[in-house]
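The values are calculated or read from the model by the stated rules, or taken from the named source; none is laboratory data. Small disclaimer: the values here were computed from a predicted structure and weren't measured. When we count neighbours, we look across all protein chains shown, and the Cβ atoms used for this are built from the backbone with ideal geometry, even at glycine.
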Amino acid sequence: MNRFRFLLLTVLLFSMNGVWAQLKAFPEAEGFAAYVTGGRGGDVYIVTNLNDSGVGSLQWAVSQSGPRIVVFEVSGIITGDLHIPHGDLTIAGQTAPGAGITLVGHMYTTYNSDTGNIIIRHMRIRPPDPDGNWPSSQHDAIQFSTANNIMLDHIDASHGADETIDFWGGAAHITIQYSHLSFPIYDTVNGWTHNKGVINHRPCLDGGSCQPGDRTGGYISIIKNVFTHSRNRTPALSVGPAEVINNLTYNGREGFVHHNISEGEFNIMGNQYIAGPSISLSPFWFDPENPAPPVLTAYWLQDNLVEDPGTYVGTVQNPWDDSQFSNAYTFACCGINSNQFNQSAAFDFSSESGYGNVQILDESTLEGRLLPVIGAYPHDIVARQSISELQQRNGSWRNYRPPNLMDGLTPTVPPIDSDDDGMPDDWENQQGLNPMDGNDHNTIMPSGYTAIEAYINGLASRLGDDLIFTDDFE
């Protein structure tokens, strides 16, 4: 009998793993990390204080091992770095009552480790100025180098002094979506002038042994994000398959760029590049930096909107075929030629493992559709200032640090959760669950998601605009 029960349990677990593998991270997930599972099926840890360590802290919760989902019964500012030592993790920042969560520190995984399978939603990451522990050359707000299977959704990151988000070292199977990257540090007095956006490269760039065709990194989706005041790397991707779709970039020099040894396939579609007051705009810069031909890259560009008054205003398709664009901008060098842009259609990544199709928005609607819903909710003073400067077409590169990051934010009382399973009593009653049973968070709901996932997914859906999010959840 015991053996029978063990075999039955094993069969059930394998069956559930098969079902879960067919579920997106959450219903709105897109791109190469759409099917990341995070902490699905694991324990729930509740953040009960804003300390930087100790029981009940966010650091304590993410440091646990095994699949886990982290929810919050507090909101406000956590001062200190957040090290994520283990994967199989979901951080549900949307559960923080009232004011959301701001980390005044760096978020990072262990370098040269295989930490991965992580979902992070609705978090603000705003590190302090560079110092001895985090010098300006490595002062990324989020540093997930070498990590894999990462979904970042509705992240609001700023004040990086290298990149704002770093996926260096071969990190792969990544989606960054509906996120807001603003105000990377620019301070000429202190020599902090590396105000850049997102980077993804492969590890052989620093003297490793990989050869052409030996791909690491890539499988990355940069979708429906807003970049403001980043000089370049919005984004910088060296390895495909990769896609850059429906991003809005303001007051930068270069939009899409390689910036290192490059190969693979790239879709660059439906983005908007808006010139700003700090520097002249160059929407694309295809510079693979390969030491010798051939350059093993191919591109599909479609419906990219450029707003650069006096130079180019309009939508560009293949830049080689647009004489006005090619006369206005130098956009390629070093072995890149027009033959690499002669695809008949966008690259189809739908057969790639873990990929979720992207709903592409009209590039002319991005400002109106993205600005209300990007980043972590509610928008704090940094996000509001960034959005305002984009809308007004003003502002500049600088080290913008308002004195009160809680300005305009109000913590509220968390809903009653009698059994400490991360789900409010009222919601459990509505769903036919038992608010006194602390073990029913992994009950499978009609949607296929576990109960705790259904709750946090539905909560995130209600924070945004109906244009982007769904209204119903199980």
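Does segment 416-460 hold any residues that are free of Cβ contacts under 8 Å to residues at least 12 places away in the same chain and not in a loop (DSSP other than H, G, I, E, B), and which are they? Answer for segment 416-460, where residues must be free of Cβ contacts under 8 Å to residues at least 12 places away in the same chain and not in a loop (DSSP other than H, G, I, E, B): Asp425, Asp426, Asn429, Gln430.
Within segment 396-417, the set of residues being hydroxyl-bearing (Ser, Thr, Tyr), farther than 14 Å from Thr48 by Cα and loosely packed, with under 14 Cβ neighbours inside 10 Å comprises Ser396, Thr410. Scanning segment 120-154 for residues that are of a type in the set (Gly, Ala, Ser) and more than 21 Å from Asn247 (Cβ to Cβ) gives Gly132, Ser136, Ser137, Ser145, Ala147. Only one of the listed residues (Thr79, Thr109) is of a type in the set (S, T, N, Q), over 29 Å from Tyr219 (Cβ atoms) and free of Cβ contacts under 8 Å to residues at least 60 places away in the same chain. That residue is Thr79. When Leu405, Leu390 are screened for being at pLDDT 95 or above and outside any loop (DSSP other than H, G, I, E, B), only Leu390 passes.
Residue-by-condition table, conditions (1) at pLDDT below 95; (2) crowded, with 18+ Cβ neighbours inside 10 Å:
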{"position": "Gly18", "(1), (2)": "yes, no"}
{"position": "Tyr35", "(1), (2)": "no, yes"}
{"position": "Arg40", "(1), (2)": "no, yes"}
{"position": "Gly56", "(1), (2)": "no, no"}
{"position": "Ser63", "(1), (2)": "no, no"}
{"position": "Gly66", "(1), (2)": "no, no"}
{"position": "Val71", "(1), (2)": "no, yes"}
{"position": "His83", "(1), (2)": "no, no"}
{"position": "Leu89", "(1), (2)": "no, yes"}
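Among the residues of segment 309-328, those that are part of a loop (DSSP other than H, G, I, E, B) and either at pLDDT below 95 or in contact with a helix residue (DSSP H, G or I) (Cβ under 6 Å, 6 or more places away or on another chain) (or both) comprise Thr311, Asn318. If you take the residues in segment 453-462 that are buried (at least 17 other Cβ atoms within 10 Å of the Cβ) and out of contact with any strand residue (DSSP E or B) (no Cβ under 7 Å at 6 or more places or on another chain), which one is modelled with the lowest pLDDT? Filtering first and then ranking leaves Ser461.
The set of residues from segment 324-350 being surrounded by fewer than 16 Cβ atoms within 10 Å (Cβ to Cβ) and either of a type in the set (Ser, Thr, Tyr) or under 19 Å from Pro309 (Cβ atoms) (or both) comprises Gln324, Asn327, Thr330, Ser338, Ser344, Ser350. Within segment 217-235, residues that are within 16 Å of Glu263 (Cα to Cα) sit with their Cβ atoms under 9 Å from residues that are of a type in the set (S, T, N, Q) and part of a loop (DSSP other than H, G, I, E, B), at 6+ positions apart or across chains, in these pairs: Gly217/Ser238; Gly218/Ser238; Tyr219/Ser353; Pro235/Asn225; Pro235/Asn247.
Residue pairs whose Cβ atoms lie under 9 Å apart, sitting 6 or more positions apart in sequence or on different chains, and linking a residue in segment 388-410 that is over 16 Å from Tyr273 (Cα atoms) to a partner that is among the acidic types (Asp, Glu) and modelled with pLDDT under 95, are Arg398/Asp187; Asn399/Asp129; Asn399/Asp187; Arg401/Asp129.
For segment 299-331, taking the residues that are more than 24 Å from Ser238 (Cβ to Cβ) and aliphatic (A, V, I, L, M), the one that is farthest from the chain's Cα centre (by Cα) is identified as Ala328.
Restricting attention to segment 243-277, and to residues there that are among the hydroxyl-bearing types (Ser, Thr, Tyr) and at pLDDT 95 or above, which single residue is nearest to the chain's Cα centre (by Cα)? By that ranking, first place goes to Thr249. Total residues in segment 379-416 satisfying the condition of being within 21 Å of Glu367 (Cβ to Cβ) and acidic (Asp, Glu): the figure is 2.
Evaluated against (1) surrounded by fewer than 21 Cβ atoms within 10 Å (Cβ to Cβ); (2) at pLDDT 90 or above; (3) over 24 Å from Gln385 (Cα atoms), Ile220 falls short on exactly one condition, (1). When Val373 is tested against (1) hydrophobic (A, V, I, L, M, F, W, C); (2) buried (at least 17 other Cβ atoms within 10 Å of the Cβ); (3) under 20 Å from Asn246 (Cβ atoms); (4) touching a strand residue (DSSP E or B) at 6+ places or on another chain (Cβ under 7 Å), exactly one condition is not met: (4). On the given criteria, is Trp300 modelled with pLDDT of 95 or more, among the aromatic types (Phe, Trp, Tyr), touching a strand residue (DSSP E or B) at 6+ places or on another chain (Cβ under 9 Å) and not in a strand (DSSP E or B)? It is false that Trp300 is modelled with pLDDT of 95 or more, among the aromatic types (Phe, Trp, Tyr), touching a strand residue (DSSP E or B) at 6+ places or on another chain (Cβ under 9 Å) and not in a strand (DSSP E or B). Does Gln392 count as surrounded by fewer than 17 Cβ atoms within 10 Å (Cβ to Cβ) and over 21 Å from Asp153 (Cβ atoms)? Here the answer is yes, as Gln392 does meet what is asked. Taking the numbered list (1) in contact with a strand residue (DSSP E or B) (Cβ under 7 Å, 6 or more places away or on another chain); (2) over 20 Å from Ser75 (Cβ atoms); (3) surrounded by 14 or more Cβ atoms within 10 Å (Cβ to Cβ); (4) at pLDDT 95 or above in turn, Ser364 passes all entries but (3).
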